[in-house]
1. Taking the stated definitions as given, is G366 over 22 Å from F236 (Cα atoms) and over 21 Å from the mean Cα position of the chain (by Cα)?
2. Among the residues of the stretch 254-269, is any out of contact with any Pro (no Cβ under 7 Å at 6 or more places or on another chain), crowded, with 16+ Cβ neighbours inside 10 Å, over 25 Å from F190 (Cα atoms) and small (G, A, S)?
3. Scan the stretch 253-268 and tell me whether some residue there is under 30 Å from L322 (Cα atoms) and β-branched (V, I, T).
4. Considering only residues that are of a type in the set (S, T, Y) and crowded, with 19+ Cβ neighbours inside 10 Å, look in the stretch 33-86 and name the one that is nearest to the chain's Cα centre (by Cα).
5. Quick check on the stretch 187-217: of everything there that is in a helix (DSSP H, G or I) and touching a Pro at 6+ places or on another chain (Cβ under 8 Å), which residue is surrounded by the most Cβ atoms within 10 Å (Cβ to Cβ)?
6. Taking F280 as the residue in question, decide whether it is within 24 Å of E192 (Cα to Cα), part of a loop (DSSP other than H, G, I, E, B) and in contact (Cβ under 8 Å) with a residue 60 or more places away in the chain.
7. Restricting the first residue to the stretch 6-35 and requiring it to be at pLDDT 85 or above, which pairs with a second residue that is assigned to a strand (DSSP E or B) and of a type in the set (S, T, Y) meet a Cβ separation below 8 Å and a spacing of at least six or different chains?
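The values are calculated or read from the model by the stated rules, or taken from the named source; none is laboratory data. Remember, it's a predicted structure, so these values are computed and weren't measured experimentally. Cβ sites come from the backbone with ideal geometry, for glycine too, and all protein chains shown count toward neighbours.
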Amino acid sequence: MSSTTVTTADVIPILATADEATLIADVYNEDQGPRKGIFLTFQQAARLIAFHLPNKQLDQLFYFKRGYNNRVYLAHCSDGSEYVIRLGGRFWDHTKIINEAQALNLARAALGNIVDVPLFVGTSVEESKVHTEASRIIPHDYIIMNRLPGVPLDTVWDALSQDDKKTIVTQAAEIFSRLRSIKLTTIGNFVEGPQDEPNIGALMEGGGGPFLRWGEFVAANIQKELRNLTKQESKFAEIMPYLPRIHALLDKVQSGELEKQFETKAKEDGEDTSERPISFLHGDFESRNMLVVGTKIMGLHDFEFAGGFPAEQEWCAGFEWLFARSEDPYDASEQQKLRDMTEDEREIREYFLRILKENHGLLPYGPGHQEYKVVLYHCQSNIAPWWLVDPERNTWTEHQVQTLKTAAASLDEALTYLGC
């Protein structure tokens, strides 16, 4: 990408003459969220490039406004080479970098030559071994990686024909299947093992683990959400009446009763329960994380939340671009999105799910297949909704207030479905 091709509203040139105060006021102006207070100046970027790539010199720097958890920049060097610099948000540390590095190694081996994944050329982990905390170039964790060819799929998706979309969806199904083929038996995020081999360690978010059983992992998540809830009871007042029922659910999960209850029901209904319960998950399998040239998926990136997880995690967190996400069955707005699909959108969704089943033997989680795990996933997220944890309640918009009421209503119905 040269300066002549950077023309979208999502990309901002960071000039060498721009001072910090101007950048913070005009560009980096979030007042909450993971990126608050996280930024990079041209001079800092030049020092990072010089440190990790001593034969390179920064010529131009561009900031991508896209993204929620990170600041992402394109560094264009004087020799024409380009690198992506990504600054981690304020809620995570270097463990996320190590996790992504290990995940990329596994993904690269599984994906072979069908799609590329980024190569790291430097991270804050290496720099911290040379510089003290006080002398670091920037006080944030970061990754510098090679720039993959192509444009984000979500920027061109709507303009593609149905046949072109099917061509891309066929590739996406194979990529997803290849990632799922990585054999893992433990739940958690990646850490460095002996000889730099990836091991499963504790969870980056909330700690705990690694977990050998699905029930242990889910119980730990429920306990984490309960802690978040009880720390801010007044903020989540609408949820508090359900506290005894949430504790009852926790007991059922910890004892294994919930799993047995729904496994018995699945067998009675003739449901397929043979799928492996723990899988390698990308963590955000969305079109914004796929780079395309024409109808070819050239690259897949953003493995920062990858790890070994129960399969429902991917279905409930990804596939929104195909309307194939396993939505909360008790959230009216989410269900309305499915009803509002156009015929073309419905056709692509059904094509994707058919390809996954017929070519790769994979089924979506939801009605008819592991539905209780989808209900439980969304139930957990509605105990202390993460999108409301940071802002003070007296600053909430009417929309935020309404989302909490929706979460409470969904939680009520989910607990009933789960027998609590």
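1. So G366 fails the test.
2. Yes, there is a match, as at least one residue in the stretch 254-269 is out of contact with any Pro (no Cβ under 7 Å at 6 or more places or on another chain), crowded, with 16+ Cβ neighbours inside 10 Å, over 25 Å from F190 (Cα atoms) and small (G, A, S).
3. no
4. By that ranking, first place goes to Y73.
5. F217
6. Judged against the criteria, F280 is not a match.
7. Filtered contacts from the stretch 6-35: V11/Y63; I12/Y63; P13/Y63; I14/Y63; I14/Y73; V27/Y63.
Condition check ((1) at pLDDT below 90; (2) in contact with a Pro (Cβ under 6 Å, 6 or more places away or on another chain)) across all residues:
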| site | (1), (2) |
| --- | --- |
| H76 | no, no |
| D79 | no, no |
| G89 | yes, yes |
| W92 | yes, no |
| E100 | no, no |
| A107 | no, no |
